[in-house]
Amino acid sequence: MLVEGTKSGLFHCRRKSRALNNKKVLTNVGESTLRALDLKSFPIIDDFEILITAKSNKTWGKHIYFYSAKRNEILTTFPWWDFAEEFLGMWDEHDIPIGTIDRPFFDIEQSWYIIIFEKRGYVYVLEGDEFCSGHNKIHTWYRLPKDVYYEQWKKLLNMF
């Protein structure tokens, strides 16, 4: 599969696994509980890339993926952001998904949600499957240097 955004142009990797966080799950996580998290426990991804490609079913256009080449793994997907090639052409740096720990970027769709915020030079990414009060399980969480996050988004935006 040909992918825009990779250094090689190829996309041969494992789908998301739960190995990133040793199959641990964070529970009861929401916008108002982020300050209670141990942010030092978040693994650092030092080879973060943002990729864009069509899913196997091209009916829904291209999608965005957060990727680690060292891990050969998709870290985060945006399953409900269909036709990314269309909205990215209208975005600029102000549209990059980011927030603060007090006002994080938060997106929720059917059985999926993501929280992204910056604190002390790192961007924290948390992704879960189901958002309902009392559960809010996060299966994927990691951090990466803030400058890398912005560099990758700017690279993607420049493609469109």
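The values are calculated or read from the model by the stated rules, or taken from the named source; none is laboratory data. The model shown is predicted, which means the values in this text are computed figures rather than measured ones. All accessible areas refer to the heavy atoms of the entire protein, side chains included, with ligands and DNA or RNA removed. Shrake-Rupley method; radii C 1.70, N 1.55, O 1.52, S 1.80 Å.
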Work out from phi, with θ = phi - 60° and the Karplus expression 6.51 cos²θ - 1.76 cosθ + 1.60, the ³J(HN,Hα) of each residue of the stretch 113-119, listed in order in whole Hz, and give x for Gly and Pro.
-> 8, 9, 10, 9, 8, 10, 7
Measuring with a 1.4 Å probe in the full set of protein chains, what accessible area per residue, in whole Å², belongs to the stretch 65-123?
-> 50
Beyond 25 Å between alpha-carbons counts as too far, so tell me which of Lys62/Lys119; Lys119/Lys155; Lys40/Lys154; Lys40/Lys62 fall in that bin.
-> Lys62/Lys119; Lys40/Lys154; Lys40/Lys62
Per residue convex hull volume, Cα atoms of the stretch 63-160, in Å³ | 110
Long-range HN-HN contacts of Tyr142 with modeled amide H, under 5 Å | Val125
Karplus-derived HN-Hα couplings along the stretch 41-50 (A = 6.51, B = -1.76, C = 1.60, θ = phi - 60°), whole Hz, x at Gly and Pro = 7, 6, x, 8, 9, 9, 10, 4, 9, 10
